[in-house]
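The values are calculated or read from the model by the stated rules, or taken from the named source; none is laboratory data. Since this is a predicted model, take the numbers as computed values, not measurements. As a convention, Cβ positions derive from the backbone with ideal geometry for all residues, glycine included, and neighbour counts pool all protein chains shown. Ligands, DNA and RNA are excluded from the accessible area calculation, which covers all protein heavy atoms including side chains. Shrake-Rupley method; radii C 1.70, N 1.55, O 1.52, S 1.80 Å.
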Amino acid sequence: EALVEHMEVACARIWLINEPGDALELKAAAGALTNLNCPQSRVPVGKFKAGLVALEKAPHLTNDLATDPGVAAEDW
């Protein structure tokens with residue numbers, strides 16, 4: 001919630017890597033997307049934008065979700 005409020009982002013999500021280390025599990029969300037039981041609540045490492053961030057261990061910021069490659073839910 002602090003990211004959404006103080007950095008003026010549309011949404012912020014926190015995933016944690018599961019015990020086998022093969023997937024991210026959504027644990028917290030704030031802003032426009034707060035549903036923890038959405039299709040992106042479990043993301044394989046290396047798949048979609050969140051999974052690539054986990055694999056590459058580098059942050060990803062965007063100001064244009066509509067044209068961002070790798071974003072699975074275009075309706076955002």
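Here's the picture: charge each Lys and Arg Cβ at +1 and each Asp and Glu Cβ at -1 in the chain, and of Gly51, Val9, Leu33 the one pushed furthest to the positive end of that dipole is Gly51. Charges were assigned to the Cβ only: +1 to each Lys and Arg, -1 to each Asp and Glu. The resulting dipole of the chain about its Cα centre is roughly 240 debye. Amide H contacts of Leu33: Ala12, each under 5 Å away and 5 or more positions distant or on a separate chain (H built 1.01 Å from N in the peptide plane; Pro and chain starts excluded).
In order along the range 49-54, the Karplus-derived 3J(HN,Hα) couplings, from 6.51 cos²θ - 1.76 cosθ + 1.60 at θ = phi - 60°, round to 5, 5, x, 5, 4, 5 Hz, and Gly and Pro are given as x.
Amide H contacts of Lys47: Leu52, each under 5 Å away and 5 or more positions distant or on a separate chain (H built 1.01 Å from N in the peptide plane; Pro and chain starts excluded). Here the chain has 55 percent of its accessible surface on carbon and sulfur atoms, given a 1.4 Å probe and all protein chains in place. A Stokes-Einstein calculation at 10 °C with viscosity 1.306 mPa s, built on the Kirkwood radius of the range 1-72 over Cα pairs, returns a diffusion coefficient of 125 µm²/s.
Using a Gaussian network model of the chain in which every pair of alpha carbons under 10 angstrom is joined by a spring, one finds that among Ala12, Ala29, Ala66 the greatest mean-square fluctuation is at Ala66. Full extension of the chain between Ala28 and Lys57 yields a length gain of 8.5 nm, computed as 0.36 nm times the residue separation minus the alpha carbon distance. Accessible surface area normalised per residue over the chain is 74 Å², counting heavy atoms of protein chains with a 1.4 Å rolling probe. Working note: Karplus 6.51/-1.76/1.60 with θ = phi - 60° gives the range 21-36 the couplings x, 9, 8, 9, 10, 5, 10, 8, 8, 9, x, 5, 10, 10, 6, 7 Hz, where Gly and Pro are set to x.
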